[in-house]
Amino acid sequence: MNESSFLTAKAIAKLNLEESDLTDSNVNVNKMLEAFGGIAKENSFLGDFPTQLKTACKQLSQLIAWMWSSSIGTSLDEQTLKKAFNSVLKYQAFTNTLEGSDAISALLLGNNQDKNINSIGQKLEFEIPSITLKKVYEQLTKNAVPYAFTQEYVNLFYSKVNPYLGEEGIFYDFFGTENPTREPRFVVIISLPPKPELSDFTVTEEELKNWANETTSYSPPHFNPYIPISAST
């Protein structure tokens with residue numbers, strides 16, 4: 001039996017699934033998502049769990065577009081936050097550690113004084129920002145869309161960072177073998193390729209700005225593949 005084809009007893013208990021929901025080659029995905037939807041009930045205002053995932057991936061992509069943009073987020077506070085966010089993401093791409101994942105979660109939650117952010121900040125010599133990603137996102141979208149990253153929600157995930165365009169996704173680590181917590185949880189692979197030279201042949205400043213401010217569509221402008229996303233939207 002392949003490890004990815006079934007859940008451990010610990011995962012079954014956490015998800016409140018019955019043995020009858022599992023087979024050697026199949027997991028009742030809908031019930032698994034429904035169970036996680038219960039765990040993530042705090043985010044029920046965003047819809048069912050697949051919609052929550054889609055929304056969170058979109059918002060993360062928009063924050064990266066904001067980070068890359070030179071025409072938005074120009075204040076000193078936002079520039080400090082951009083440097084910290086970029087540095088933490090790059091650190092996790094290099095180390096793939098619980099420290100890096102927890103620092104990403106803390107930044108998304110607005111816990112800028114988190115010990116992991118401070119530790120990485122000392123190593124990479126960046127200042128601790130005073131403004132939060134939540135505040136930035138609310139300003140970008142003028143509060144038109146609820147912010148997806150709550151404490152209960154980020155606790156479901158371990159974050160990896162891949163520095164290659166197009167190598168991203170979300171999967172459920174049934175046995176806890178793909179993350180340092182050694183517990184069953186979702187693993188999100190954040191795509192963070194090098195920022196391309198902005199041009200009509202890659203991505204333009206206007207496209208970055210428009211995507212960062214987008215409130216309705218789940219797809220980047222013109223389906224631009226140079227704007228990194230963490231899962232198919």
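Could you list, in sequence order, the residues of the stretch 207-231 that are more than 18 Å from K142 (Cβ to Cβ) and in contact with a Pro (Cβ under 8 Å, 6 or more places away or on another chain)?
Residues satisfying the conditions are E207, Y226, I227, P228, I229.
Which one of these is within 13 Å of the chain's Cα centre (by Cα) and of a type in the set (D, E): E168, E178, E206? Break it down stepwise before answering.
Details: E178 fails: within 13 Å of the chain's Cα centre (by Cα); E206 fails: within 13 Å of the chain's Cα centre (by Cα).
From the options E168, E178, E206, the qualifying one is E168.
Which residue out of K142, K90, K123, K115 is surrounded by 15 or more Cβ atoms within 10 Å (Cβ to Cβ), charged (D, E, K, R) and assigned by TED's automatic domain parsing to the domain that holds W211?
Values: K142 fails: surrounded by 15 or more Cβ atoms within 10 Å (Cβ to Cβ); K123 fails: surrounded by 15 or more Cβ atoms within 10 Å (Cβ to Cβ); K115 fails: surrounded by 15 or more Cβ atoms within 10 Å (Cβ to Cβ).
Step by step, each of K142, K90, K123, K115 is checked, and only K90 is surrounded by 15 or more Cβ atoms within 10 Å (Cβ to Cβ), charged (D, E, K, R) and assigned by TED's automatic domain parsing to the domain that holds W211.
From the list S87, S25, S20, exactly one residue is outside any loop (DSSP other than H, G, I, E, B) and modelled with pLDDT under 95. Which is it? If you could, list the steps in order and put the result at the bottom.
Working: S87 fails: modelled with pLDDT under 95; S25 fails: outside any loop (DSSP other than H, G, I, E, B).
Unique residue meeting the criteria: S20.
When both residues are 6+ apart or on different chains and their Cβ atoms are under 6 Å apart, which pairs have a first residue that lies in the stretch 96-109 and is assigned by TED's automatic domain parsing to the domain that holds R185, and a second that is of a type in the set (G, A, S) and crowded, with 24+ Cβ neighbours inside 10 Å?
Listed by first residue and then by second, the contacts come to S101/S159; I104/S159.
Where in the stretch 98-173 are the helices (runs of 4 or more DSSP H), entirely inside, with at least 2 residues that are within 23 Å of P193 (Cα to Cα) and among the small types (G, A, S)? Walk me through it before giving the result.
Numbers: elements: 98-109, 115-124, 133-140, 151-154.
Fully inside the stretch 98-173 and qualifying: 98-109.
Give the number of residues within the stretch 201-216 that are of a type in the set (F, W, Y), crowded, with 17+ Cβ neighbours inside 10 Å and outside any helix (DSSP H, G or I).
The first filter runs over the stretch 201-216 and keeps only residues of a type in the set (F, W, Y), leaving 201, 211.
Those still in the list that are crowded, with 17+ Cβ neighbours inside 10 Å too: 211.
Then keep just the ones that are outside any helix (DSSP H, G or I); that gives none.
Result for the stretch 201-216: 0.
Do you know which of the residues in the stretch 145-169 that are more than 14 Å from Q52 (Cα to Cα) and among the acidic types (D, E) is surrounded by the most Cβ atoms within 10 Å (Cβ to Cβ)?
It comes out as E168.
Search the stretch 62-82 for residues being more than 13 Å from N112 (Cα to Cα) and either out of contact with any helix residue (DSSP H, G or I) (no Cβ under 8 Å at 6 or more places or on another chain) or among the β-branched types (V, I, T) (or both), and hand back the single one that is surrounded by the most Cβ atoms within 10 Å (Cβ to Cβ).
For the stretch 62-82, the residue satisfying everything is I64.
Considering only the stretch 174-200, how many residues are outside any loop (DSSP other than H, G, I, E, B) and of a type in the set (S, T, Y)? First the steps, then the outcome.
At the first step, the residues of the stretch 174-200 found to be outside any loop (DSSP other than H, G, I, E, B) are 185-191.
With of a type in the set (S, T, Y) added as a condition, the list becomes 191.
Of the residues in that region, 1 qualify.
Considering only the stretch 72-93, I want to know if a residue exists there that is among the charged types (D, E, K, R) and in contact (Cβ under 8 Å) with a residue 60 or more places away in the chain.
Here is the first cut: in the stretch 72-93, the ones among the charged types (D, E, K, R) are 77-78, 82-83, 90.
If we keep only those that are in contact (Cβ under 8 Å) with a residue 60 or more places away in the chain as well, we get 90.
Checked against the condition, which is being among the charged types (D, E, K, R) and in contact (Cβ under 8 Å) with a residue 60 or more places away in the chain, the stretch 72-93 yields at least one hit.
Look at Y172 and say whether it is buried (at least 18 other Cβ atoms within 10 Å of the Cβ) and touching a helix residue (DSSP H, G or I) at 6+ places or on another chain (Cβ under 6 Å). If you could, list the steps in order and put the result at the bottom.
Values: buried (at least 18 other Cβ atoms within 10 Å of the Cβ): yes; touching a helix residue (DSSP H, G or I) at 6+ places or on another chain (Cβ under 6 Å): no.
No.
Would you say A106 is surrounded by 14 or more Cβ atoms within 10 Å (Cβ to Cβ), of a type outside the set (V, I, T) and over 22 Å from F171 (Cβ atoms)? Lay out the reasoning, then the answer.
Details: surrounded by 14 or more Cβ atoms within 10 Å (Cβ to Cβ): yes; of a type outside the set (V, I, T): yes; over 22 Å from F171 (Cβ atoms): yes.
Answer is yes for this residue.
The values are calculated or read from the model by the stated rules, or taken from the named source; none is laboratory data. Note that the structure is predicted; figures quoted are calculated from it, not measured. Neighbour counts are summed over all protein chains in view; Cβ atoms, including those assigned to glycine, are modelled from backbone coordinates with ideal geometry.
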